[in-house]
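Only one structure is covered here, and it is reproduced in the block below.
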Amino acid sequence: MSTRESPRRREALDVLRAAPSPLGVAETAERMGLHPNTVRFHLDGLVADGLVERRTEAPVGPGRPRTVYTARPGMDRGGPRDYRLLARMLLSRWAAADPAEARAEAMETGRAWGRSLVDPLPPHEPPTAERSVARLVALLDGLGFAPRVEGGGEPGRPARRIRLRHCPFLELAEERSDLVCPLHLGLMQGALTRLGAPLTATALEPFAEPESCLAHLTPTAPV
């Protein structure tokens, strides 16, 4: 549970940040108007999240030494995020350009990222179509596309299509498929180039069916 998910946990963090010196459980509970056991639970959670430091003070007189809590310096990483807005802002730069140029830039950006996201096959493994498609599918699966290979399946007959049953950028793709989909196509092309594959992704049909997109693969050399 993060501070974003728990208003009480965020309140406890705010109390510690406002305090001029470290606070114990009882003091924090008094300032929050909560039971000490409830506050201890949230303080321990903040410690586990790395937002608060817990230490034991040197003993003063008889009794157990006091445990105190201090907020760690730095921005609260449990706050809200809006990466979709950031992506929309970046896409707007392409959208303002000539459509053909914007598509070409999106494709090239995808190719560059595709080359960087996959490692080449080991020297003892020739880059056959089957191996290359398997590595591409593993990459797409790791990125959240839920890929499924279609066609081929027999020796010497490589896959012809990859069905993408999930889009990690679905809302953006629905708004700007003219930019997001070329980015995805370029990513597949770049990965296959990096693998030295004897085939490439030649087309991507956005929302070919209501529940999926369809990437088409074409040999570039005898397989």
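Summing +1 for each Lys or Arg and -1 for each Asp or Glu, what net charge is found among the other residues whose Cβ lies under 11 Å from the Cβ of residue 218? Show your work: numbers first, answer last.
Values: positive: 160, 161; negative: none.
Taking every Cβ under 11 Å from that of residue 218, the sum is +2.
Could you grab the relative contact order for segment 83-219? Cα pairs under 8 Å, six or more apart, rounded to a whole percent.
31 percent
May I ask for the angle, rounded to the nearest 10°, between helix 129-143 and the longest principal axis of the chain, with both axes built from Cα atoms and the value confined to 0 to 90°?
Computed tilt is about 30 degrees.
Give the Rg (one decimal place) followed by the Dmax (whole number) of segment 83-219, computed from C-alpha coordinates and expressed in Å.
14.9, 47
Would you mind getting me the FRET efficiency between residue 170 and residue 125? Use the beta-carbon distance for r and R0 = 30 Å, nearest 0.05.
Working from the Cβ atoms, E equals 0.30.
Would you mind checking which residues have amide H under 5 Å from residue 220's amide H? H placed 1.01 Å from N; only 5 or more apart, or other chain.
For residue 220, the qualifying residues are 199, 200.
Could you tally the net charge around residue 165, taking each other residue with its Cβ under 15 Å from the Cβ of residue 165, Lys/Arg +1 and Asp/Glu -1? Kindly include the intermediate steps, with their values, before the conclusion.
Working: positive: 148, 161, 163; negative: 141, 150, 205, 209, 211.
Residues near residue 165 contribute -2 overall.
Test of understanding: what is the full-extension gain from residue 64 to residue 95, defined as 0.36 nm times their sequence separation minus their Cα-Cα distance?
4.7 nm
For segment 7-71, compute Rg over Rh where Rg is the Cα radius of gyration and Rh is the Kirkwood radius from the inverse mean 1/r over Cα pairs. Walk me through the intermediate numbers first.
Details: Rg = 11.3 Å, Rh = 11.8 Å.
Checking Rg against Rh, the ratio lands at 0.96.
Values quoted throughout were computed directly from the atomic coordinates according to the rules given, and no laboratory measurement underlies them. Source: prediction; values computed, not measured. We place every Cβ from the backbone using ideal geometry, glycine too, and count neighbours over all the protein chains shown.
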